[in-house]
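K.L.:
For reference, the structure I am asking about is given below.
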Amino acid sequence: MADDSAGFAENRWGPQRQSTRFLLLYALAVAGGAIAYVPLLTILLPVHVEGLAGTASVGWLATLAFTGAIASSLSNIAFGWLSDRSGTRRPWIWAGLVLSSTLLLAMSAPRDLATLVALVMAWQVALNMMLGPLGAWAGDAVPDRQKGTLGGLLAFAPALGALSGTLVTIPGLALPEERLALVAGMVMACVLPVLLLGRPAPFPELMEPAPRPASGSARQMLVARMWLARLLVQVAEAALFAYLYLWLRSIAPGTTDAATARIFGVVLLVSVPVALMVGRWADRRDRPIQPLGVAAAVAALALGVMAAAPGLEVALAGYALFGLGASVFLALHTAQTLRVLPRPKSRGRDLGLFNLTNTVPSLIMPGLTLAMVPVFGFSGLFALLAVLASVACLLLLTAKAALQRDN
């Protein structure tokens, strides 16, 4: 499905590595996907809902989050599968880019909850028409020996997503309805280059099923371990994303939302070079799973520090460490998932099933928080999350041997 073949180095045995140009353009496109939803879901949509619903805005946002998560999950699987069946990814990415950008521009129009829910669900479907095939395209085009480098480059996505939210909300830059147009323009600027200029080298071996020994129970167990480990880390990440501000305020009541946003942004930016270095190390040493286990261990340690933090300084240090470990984990995990999925002909569908780990935590986390915080406080919640991250670490460090046996 890597259907273009210009601009790559090869020898008489065929191409050895995917071109750096394609890797960079692809990472930019994935960052465009993050820009498409991060500013809207974290800033622009809540502001719009608050203006419409007032005191009922919490209920509106909960409804939008729940229905949007369902639409996102199902459509990501569906369009990944459709791109598998069609044998091509680009047309789906093109269509999703155009439709999602068009719907984004209309997001400020609804004035009632039902219309807004319908529009957000339609936008989620269109967005995942782009994101599902885009994610699978890397599996078609990037050989295993570059998966770590790809994962490092993917760390730019959440950082640029957060930065875009900061940019569009600069006071005086744009009116509220114009902010949506700015977001759509940034998404187009990020995704169009890979569609227009990306010419990935073909790697026919990436479209061949995994060898028979790797298609048995050991490979299936590895896939299951990686799915569960990501889910556990994502639950912790989702909890921190949602409740970071309230937790910091419980420790230091003078903490502002602007200060919290700056902390979040700095952690994401620092994680980018770290993820790049770790990813390249994993490629050179051919140890794709070990860095994931270590990153999960760092996240678990950081959560333990946060649970026991006596003051703001230690709390911030713990959060910075957690943000670094979780960001590196999630970026590298995304790329290495493409390495272990056993059936290239259903790569898009299977990747959509993996991506349930991105949406299911949003359904788990509110109940978990309500059960823990009123009784044990945030310290009890973070202690439980530390246990979950530790389980993820053990799942991955013991899975490494299984992958080596399969290879």
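The values are calculated or read from the model by the stated rules, or taken from the named source; none is laboratory data. Values in this document were obtained by computation on a predicted structure and should not be read as measured data. Methodologically, a virtual Cβ is constructed for each residue, glycine included, from the backbone with ideal geometry; neighbour enumeration extends over all protein chains shown.
K.L.:
With LEU23, LEU40 as the choices, which residue is in a helix (DSSP H, G or I), under 20 Å from the mean Cα position of the chain (by Cα), modelled with pLDDT under 90 and surrounded by 14 or more Cβ atoms within 10 Å (Cβ to Cβ)?
P.N.:
LEU40
K.L.:
Sort out which residues of the stretch 42-61 are among the aliphatic types (A, V, I, L, M) and touching a residue at least 12 places away in the same chain (Cβ under 8 Å), and write them in order of number.
P.N.:
Just the residues of the stretch 42-61 that are among the aliphatic types (A, V, I, L, M), to begin with: 43-45, 47, 49, 52-53, 56, 58, 61.
If the condition is that a residue be among the aliphatic types (A, V, I, L, M) and touching a residue at least 12 places away in the same chain (Cβ under 8 Å), then ILE43, LEU44, LEU45, VAL47, VAL49, LEU52, ALA53, LEU61 are the ones that fit.
K.L.:
Another one. Does SER100 fit the bill of being assigned to a helix (DSSP H, G or I), crowded, with 17+ Cβ neighbours inside 10 Å and not β-branched (Val, Ile, Thr)?
P.N.:
The answer is yes for SER100.
K.L.:
Right, here's the next one. So which residues in the stretch 79-94 are surrounded by fewer than 22 Cβ atoms within 10 Å (Cβ to Cβ) and either closer than 12 Å to LEU131 by Cβ or more than 22 Å from the chain's Cα centre (by Cα) (or both), if there are any at all?
P.N.:
Across the stretch 79-94, the qualifying residues are ARG85, SER86, GLY87, THR88, PRO91.
K.L.:
Right, here's the next one. Could you please let me know if GLY311 is of a type outside the set (D, E, K, R), closer than 20 Å to VAL38 by Cα, in contact (Cβ under 8 Å) with a residue 60 or more places away in the chain and surrounded by fewer than 18 Cβ atoms within 10 Å (Cβ to Cβ)?
P.N.:
For GLY311, the condition - of a type outside the set (D, E, K, R), closer than 20 Å to VAL38 by Cα, in contact (Cβ under 8 Å) with a residue 60 or more places away in the chain and surrounded by fewer than 18 Cβ atoms within 10 Å (Cβ to Cβ) - is not met.
K.L.:
Name the residues in the stretch 183-209 that are part of a helix (DSSP H, G or I) and over 17 Å from LEU28 (Cα atoms), would you? First the steps, then the outcome.
P.N.:
Here is the first cut: in the stretch 183-209, the residues part of a helix (DSSP H, G or I) are 183-197, 204-207.
Hits for the stretch 183-209 are PRO204, GLU205, LEU206, MET207.
K.L.:
Given (1) aromatic (Phe, Trp, Tyr); (2) at pLDDT below 95; (3) touching a Phe, Trp or Tyr at 6+ places or on another chain (Cβ under 9 Å), identify the lone condition not met by TRP60.
P.N.:
The number of the failed condition is (3).
K.L.:
Shifting gears a bit: Here is a list: VAL305, VAL274. Which entry is among the β-branched types (Val, Ile, Thr), over 23 Å from TRP227 (Cβ atoms) and out of contact with any Phe, Trp or Tyr (no Cβ under 9 Å at 6 or more places or on another chain)?
P.N.:
VAL274
K.L.:
Considering every residue within the stretch 334-350, establish whether at least one is under 20 Å from LEU385 (Cα atoms), touching a helix residue (DSSP H, G or I) at 6+ places or on another chain (Cβ under 6 Å) and either surrounded by 21 or more Cβ atoms within 10 Å (Cβ to Cβ) or in the same structural domain as LEU248 (by TED's automatic domain parsing) (or both).
P.N.:
Taking every residue of the stretch 334-350 in turn, none turns out to be under 20 Å from LEU385 (Cα atoms), touching a helix residue (DSSP H, G or I) at 6+ places or on another chain (Cβ under 6 Å) and either surrounded by 21 or more Cβ atoms within 10 Å (Cβ to Cβ) or in the same structural domain as LEU248 (by TED's automatic domain parsing) (or both).
K.L.:
Now, a different point. Here are THR169, THR149: which of them is of a type in the set (S, T, N, Q), buried (at least 20 other Cβ atoms within 10 Å of the Cβ), in contact (Cβ under 8 Å) with a residue 40 or more places away in the chain and not assigned by TED's automatic domain parsing to the domain that holds VAL274?
P.N.:
THR149
One line per residue, one yes/no per condition, for (1) surrounded by fewer than 20 Cβ atoms within 10 Å (Cβ to Cβ); (2) over 16 Å from GLY80 (Cα atoms); (3) in the same structural domain as ALA34 (by TED's automatic domain parsing); (4) of a type outside the set (Gly, Ala, Ser):
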{"residue": "PHE354", "(1), (2), (3), (4)": "no, no, no, yes"}
{"residue": "THR357", "(1), (2), (3), (4)": "no, no, no, yes"}
{"residue": "LEU363", "(1), (2), (3), (4)": "yes, yes, no, yes"}
{"residue": "LEU370", "(1), (2), (3), (4)": "yes, yes, no, yes"}
{"residue": "PHE376", "(1), (2), (3), (4)": "yes, yes, no, yes"}
{"residue": "GLY380", "(1), (2), (3), (4)": "yes, yes, no, no"}
{"residue": "ALA383", "(1), (2), (3), (4)": "yes, yes, no, no"}
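K.L.:
Does any residue of the stretch 211-221 turn out to be closer than 20 Å to ASP286 by Cβ, among the polar types (S, T, N, Q) and in a helix (DSSP H, G or I)?
P.N.:
Looking through the stretch 211-221, none of the residues is closer than 20 Å to ASP286 by Cβ, among the polar types (S, T, N, Q) and in a helix (DSSP H, G or I).
K.L.:
Can you pull out the helices (runs of 4 or more DSSP H) entirely within the stretch 292-407 that have at least 3 residues that are closer than 18 Å to GLU237 by Cα?
P.N.:
Once the helices (runs of 4 or more DSSP H) in the stretch 292-407 are filtered for at least 3 residues that are closer than 18 Å to GLU237 by Cα, what remains is 312-340, 356-406.
K.L.:
OK, next. I need the full set of residues from the stretch 103-114 which are closer than 16 Å to GLU178 by Cα and assigned to a helix (DSSP H, G or I), in order please.
P.N.:
Residues satisfying the conditions are LEU103, LEU104, LEU105.
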